[in-house]
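Here's the structure we're looking at; comments come further down.
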Amino acid sequence: MYLKIENLKLIGQGCSKIVYQHPDDQNKIIKIMNPQRVSIHGGFKNHSKMKQRFAQGIYRHFRRELIQYLQLCKVNYQKNQFTFPVETPYGFIHTDQGLGLIAEKIVGPEEKSLTLEQLARTGQIQDKHLKALDEFFDACCDLHIVFAEVNIAGIMYTEHRNHKPEFVLVDGMGEKLFIPLRAMFKSINTRNVRKVEKDIKQKMRQMMEAPLASEQVFVQ
Ligand SMILES: Nc1ncnc2c1ncn2[C@@H]1O[C@H](COP(=O)(O)OP(=O)(O)O)[C@@H](O)[C@H]1O
Ligand SMILES: [Mg+2]
């Protein structure tokens, strides 16, 4: 039995994934790889033939996210901690458009998905967001969360998760280097996280200087 994607409600879309509301649980989403980007080998169409045949092909995004989550649970085993500043993955589901990753839904204060990019572009950034963003990057360094391709649209804002302003990473986490230097050495990882932080904050400031009306941002 496959879940039919056409029956699901669309929540968001990026360059490689499409995100839907879980049909039976308001607190979960289902992520699939955009079928239009998938080659017959299960790799990305725009990648070389050799790269398309690599181990998990399009699913290496899921693999990185899961390995990162397992690593966090392992390091924090004694604390019995399962929630981190990254979306919590819950498992897989079969769909008529490939494997779906079930994950925690991150909802903004108005019950809508809200990314750091949307906040910045619509000129909504306040002190509480800046403080939460500093805390987010500090926590990523402390917890040794590796950034593969983190961007301003992959960081989401919520006040529901821990009843306080908080940013959560939903995309681009995990090690992607062939020699996993960031995963092996916390100091190297921290340097990379701080660099990404600087780039993202600069982008945020640029967006805040030229804000768009919110309708222009929320249109899919
Ligand atoms: N856990 C989540 N909860 C709510 N919305 C999400 C979640 N993950 C992703 N989204 C929405 O879907 C969009 C695309 O998801 P993302 O994982 O970033 O895909 P891509 O890898 O294609 O960039 C995000 O920018 C966000 O708007
Ligand atoms: Mg993204």
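Filter the cross-link list K28/K164; K131/K164; K128/K203; K74/K112 down to pairs whose alpha-carbon distance in this structure exceeds 23 Å. Kindly include the intermediate steps, with their values, before the conclusion.
Details: K28/K164 20 Å; K131/K164 11 Å; K128/K203 18 Å; K74/K112 32 Å.
Beyond 23 Å between Cα atoms: K74/K112.
Calculate the dipole size of the stretch 5-104 relative to its Cα centre from +1 charges on Lys and Arg beta carbons and -1 charges on Asp and Glu beta carbons; express the result in debye to the nearest 20.
Values: 14 positive and 7 negative charges, 130 e Å.
Computed charge dipole of the stretch 5-104: roughly 620 debye.
Can you give me the C-alpha center-to-center distance between the stretch 144-215 and the stretch 61-116, rounded to a whole angstrom?
Going from one Cα centre to the other spans 15 Å.
Evaluate E = 1/(1 + (r/R0)^6) for H163 and M184, where r is the Cβ-Cβ distance and R0 equals 45 Å; express this FRET efficiency to the nearest 0.05. Could you put the intermediate results ahead of the total?
Working: r = 36 Å, r/R0 = 0.79.
Plugging the Cβ-Cβ distance into 1/(1 + (r/R0)^6) gives 0.80.
Which three lengths, in whole Å and largest first, does the stretch 115-172 cover when its Cα atoms are put on their principal axes?
For the stretch 115-172, the Cα extents along the three principal axes come out at 29, 22, 17 Å.
Can you pull a Stokes-Einstein diffusion coefficient for the stretch 5-104 at 25 °C (0.890 mPa s), Rh from Kirkwood over Cα pairs, as a whole number of µm²/s? Provide the component values of the computation, followed by the final result.
On the way: Rh = 14.7 Å.
Translational D for this selection: 167 µm²/s.
Can you list the aspartates and glutamates whose alpha carbon is less than 19 Å from that of K198, not counting same-chain residues fewer than 8 positions off?
E117, D127, D134, E135, D138, D142, E149, E166, D171, E209
For the stretch 116-210, take the alpha-carbon Rg, divide it by the Kirkwood Rh, and send me Rg/Rh.
Working: Rg = 13.5 Å, Rh = 13.7 Å.
We get a ratio of 0.98 for the stretch 116-210.
In nm, give the distance between the simple-model label positions of K112 and F92, each being 7 Å from the Cα along the Cα-to-Cβ direction.
About 3.4 nm separates the two model spin labels.
Along the Cα→Cβ direction, 7 angstrom out, place labels at S16 and R205. What is the inter-label distance in nm?
For the pair S16/R205, the computed spacing is 3.0 nm.
Can you report the principal axis dimensions of the chain using only the alpha carbons, biggest first, rounded to whole angstrom?
Extents along the principal axes, in whole Å: 47, 42, 37.
Answer with one residue from M156, V146, T88: the one whose Cα lies farthest towards the positive end of the charge dipole of the stretch 75-220, charges on Cβ with Lys, Arg +1 and Asp, Glu -1.
V146
If the only charges are +1 at each Lys and Arg Cβ and -1 at each Asp and Glu Cβ, what is the size of the charge dipole of the chain around the Cα centre, to the nearest 20 debye? Walk me through the intermediate numbers first.
On the way: 32 positive and 24 negative charges, 204 e Å.
With Lys and Arg at +1 and Asp and Glu at -1, about 980 debye.
Starting from the Cα-Cα distance between L66 and M50, subtract it from 0.36 nm times their residue separation and give me the gain in nm to one decimal. Don't skip to the answer; put the middle values down first.
On the way: separation 16, 0.36 × 16 = 5.76 nm, distance 2.41 nm.
That pair, L66 and M50, stretches by 3.3 nm at full extension.
Tell me the relative contact order for the chain as a rounded percent, counting alpha carbon contacts under 8 Å between residues six or more apart. Numbers along the way, then the final one.
Numbers: 349 pairs, mean separation 42.0, N = 220.
RCO, the chain: 19 percent.
Hey, can you grab everything whose amide H is under 5 Å from the amide H of V146? Only 5+ residues off in sequence or another chain; H modelled, so Pro and N-termini drop out.
G174
With unit charges on the beta carbon (Lys/Arg positive, Asp/Glu negative), name the residue among F167, L130, L181 whose Cα is farthest towards the positive pole of the charge dipole of the stretch 116-210.
L181
Coordinate-derived values only; no laboratory data. In this text, all values refer to a predicted model and were calculated from it rather than measured experimentally. Neighbour counts run over all protein chains shown; Cβ positions are idealised from the backbone, glycine included.
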